[in-house]
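> Here it is: the structure, laid out below.
The values are calculated or read from the model by the stated rules, or taken from the named source; none is laboratory data. Being a predicted model, the structure only gives us computed values, none of them experimental. Note: ideal-geometry Cβ built from the backbone for every residue, glycine included; neighbour counts use all protein chains shown.
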């Protein structure tokens, strides 16, 4: 399994206009969990998880992310040993996949395990707060997805925070965490910022919408790539009036296309095939519009 830094997929590179939609890398989500908010239990079996991972890769995912503990407000606790037991056979079974692998975990023991298995990305919803593991992170080649969340625990919380308060917290959090990781020897070019979405920000949909409209600001402020993960999130349900996460597919795609056009470098999604197709059409339209505007 390679841990090299990936390049944007060639799928989106052919006919794009100079000012067309950016080309984010697509991260496909595999929840090896019993209680993830939209597909808990479906991929808990290692075989089912591997089949799903391969389907996501075939559908357009540049990176396949494995998560063995849910982080929604109703999720139960999962020990580091349980996470590792869920992850180990799946990582081993995907070595021939030909895609970069990521592991989503906020437990240092699991991060240590993942680094030892050569995964290309680590995603921590608490933003790597444990300084004890920094030397090992610095010595590894894994890229670190530093996520902001209003809670300091492994699960989201329902908190009623105003959009601008959340925005200020995000920027302060990133400034402090980037400085700490760099001081520990983690090179800056290995960091990716995820501002969080949904209940990771606030029970108010406006907080997530504010963050989406601020992608370019985040990139200018911190000079690092930004990852956006809106797929099936609660704030989309609030906007469209749908409580079922599985009914939020069109809303998810609309938000993901907005994020891509706003400059998101990575988009983490349950449905990379739909997003890939939408990006291809958008790029084709941009190319056609540029051709006729210059005619």
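> Going by the structure shown, is residue 145 over 20 Å from residue 24 (Cβ atoms), surrounded by 19 or more Cβ atoms within 10 Å (Cβ to Cβ) and in contact (Cβ under 8 Å) with a residue 40 or more places away in the chain?
no
> To continue, here is another question. Against the definition (within 21 Å of residue 163 (Cα to Cα), buried (at least 19 other Cβ atoms within 10 Å of the Cβ) and out of contact with any strand residue (DSSP E or B) (no Cβ under 8 Å at 6 or more places or on another chain)), how does residue 211 come out, yes or no?
The answer is yes for residue 211.
> Just give me the residues in the range 20-38 being at pLDDT 85 or above, farther than 14 Å from residue 278 by Cα and out of contact with any helix residue (DSSP H, G or I) (no Cβ under 7 Å at 6 or more places or on another chain), in sequence order.
27, 29, 31, 33
> Run residue 98 past the list (1) modelled with pLDDT of 95 or more; (2) more than 13 Å from the chain's Cα centre (by Cα); (3) farther than 19 Å from residue 173 by Cα and report the number of the one that doesn't hold.
So the condition that residue 98 fails would be (1).
> Of the residues 207, 251, 260, which is touching a helix residue (DSSP H, G or I) at 6+ places or on another chain (Cβ under 7 Å) and free of Cβ contacts under 8 Å to residues at least 40 places away in the same chain? Explain how you work it out, then say what you get.
Values: 207 fails: free of Cβ contacts under 8 Å to residues at least 40 places away in the same chain; 260 fails: free of Cβ contacts under 8 Å to residues at least 40 places away in the same chain.
Answer to the selection: 251.
> Restrict the check to the range 236-248 and report whether at least one residue is surrounded by fewer than 18 Cβ atoms within 10 Å (Cβ to Cβ) and in contact (Cβ under 8 Å) with a residue 40 or more places away in the chain.
Checked against the condition, which is being surrounded by fewer than 18 Cβ atoms within 10 Å (Cβ to Cβ) and in contact (Cβ under 8 Å) with a residue 40 or more places away in the chain, the range 236-248 yields at least one hit.
> Would you mind telling me which numbered condition in (1) at positive phi; (2) in a helix (DSSP H, G or I) residue 170 fails?
The failed condition is (1).
> From 51, 64, grab the single residue that is modelled with pLDDT of 95 or more and crowded, with 24+ Cβ neighbours inside 10 Å.
Answer to the selection: 64.
> Does at least one position in the range 166-176 carry a residue that is within 23 Å of residue 101 (Cβ to Cβ) and either crowded, with 17+ Cβ neighbours inside 10 Å or at pLDDT 95 or above (or both)?
no
Rundown of residues vs (1) more than 17 Å from the chain's Cα centre (by Cα); (2) assigned to a helix (DSSP H, G or I), yes/no style:
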residue: 224; (1), (2): no, no
residue: 237; (1), (2): yes, yes
residue: 252; (1), (2): no, yes
residue: 264; (1), (2): no, no
residue: 273; (1), (2): no, yes
residue: 276; (1), (2): no, yes
residue: 287; (1), (2): yes, yes
residue: 290; (1), (2): yes, yes
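> Can you name the number of the only condition in (1) touching a residue at least 12 places away in the same chain (Cβ under 8 Å); (2) in a helix (DSSP H, G or I) that residue 182 fails?
It is condition (1) that residue 182 fails.
> Could you count how many residues in the range 115-141 are part of a helix (DSSP H, G or I), touching a strand residue (DSSP E or B) at 6+ places or on another chain (Cβ under 9 Å) and farther than 22 Å from residue 226 by Cβ?
Step one: list which residues in the range 115-141 are part of a helix (DSSP H, G or I), which gives 115-116, 131-139.
Retained after the next criterion (residues that are touching a strand residue (DSSP E or B) at 6+ places or on another chain (Cβ under 9 Å)): 115, 137.
Subset that is farther than 22 Å from residue 226 by Cβ: 115.
Result for the range 115-141: 1.
> Right, another one. For the range 82-128, which positions are without any contact (Cβ under 8 Å) to a residue 24 or more places away in the chain and within 23 Å of residue 201 (Cα to Cα)?
Within the range 82-128, 122, 124 qualify.
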